[in-house]
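Here's the structure, in structure tokens; my notes come after.
Taken together, the values in this text are just the output of simple stated rules run on the coordinates, not laboratory data. As the structure is a computational prediction, the values presented were derived from the model and not from experiment. Positions of Cβ are backbone-derived with ideal geometry, glycine not excepted, and every protein chain shown enters the neighbour counts.
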Amino acid sequence: MDHLDRPILVVEDDAANRFMLSLTLKQAGFRVHTAATADHALELLKRERFSTMITDGRMEPIDGRELSRRAKKVQPDLRIGMVSAIYTDMDVENAPIDAIFSKPIQTESLIGWLSR
């Protein structure tokens, strides 16, 4: 199955950011599921196949880096993008994160990455 055939999982603990990112992706034609916590995201990953997970970097108690490690154990072929105001490529080099997007998000670059 092509990765574009499966939905995207957006993990963001801030409700407004979660809503805006999921709305933007839906308007771009993607199927989107959302989770407010890493634990909820892991439960969804166990129940359904996703092409990509977009996660916030700073979340409590499990941050985006740790979530990415756990998510890869559940779905090894999952592509992972991180959205963060503070983390850089150097901060995530030991985590299985394929792309990092600075806040505020440049939606064109995120959608371009998702479409590849």
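How do the peptides 5-11, 18-24 rank, highest first, by the average count of neighbouring beta carbon atoms within 10 Å per residue?
5-11, 18-24
Among (1) 13.8; (2) 14.3; (3) 14.8, only one was calculated for this model; which label is it, if the read-out is Kirkwood radius over Cα pairs in Å?
Label (1) holds the value from this structure.
Below 8 Å, C-alpha to C-alpha, sequence gap of six or more: please give me the relative contact order for the chain in percent.
23 percent
Any idea which of Phe30, Leu110, Gly64 is furthest toward the positive side of the dipole for the chain, if Lys and Arg beta-carbons carry +1 and Asp and Glu beta-carbons -1?
Comparing the listed Cα positions along the dipole, Phe30 ranks first.
Over the chain, with a Gaussian network built from C-alpha contacts below 10 Å, which listed residue (Ala35, Ala71, Ala85) shows the highest mean-square fluctuation?
The residue that fluctuates most here is Ala85.
Spelling out what I want: for every residue of the stretch 44-56, take phi, set θ = phi - 60°, compute 6.51 cos²θ - 1.76 cosθ + 1.60 (Karplus), and round to whole Hz; glycine and proline get x.
5, 5, 6, 9, 9, 8, 10, 7, 8, 10, 10, 10, 5
Under 5 Å between amide H atoms, partner at least 5 residues away or on a different chain: which partners does Met59 have, H built in plane at 1.01 Å?
Under 5 Å from the amide H of Met59: Gly64.
Please give the length that would be gained between Trp113 and Glu48 if that part of the chain were fully extended, namely 0.36 nm times their separation in residues minus their C-alpha to C-alpha distance (nm, one decimal).
Values: separation 65, 0.36 × 65 = 23.40 nm, distance 2.18 nm.
Once the chain is fully extended between Trp113 and Glu48, it gains 21.2 nm.
Taking the Cβ of each residue in Ser51, Ser109, Ser68 as the centre, tally the other Cβ atoms inside 10 Å and list the residues starting with the fewest.
Working: Ser51 20, Ser109 12, Ser68 23.
Ascending number of Cβ neighbours within 10 Å: Ser109, Ser51, Ser68.
Report, in debye and to the nearest 20, how large the dipole of the stretch 3-115 comes out about its Cα centre when Lys and Arg carry +1 and Asp and Glu carry -1 on their Cβ.
Details: 15 positive and 17 negative charges, 87 e Å.
In debye, rounded to 20, the stretch 3-115 gives about 420.
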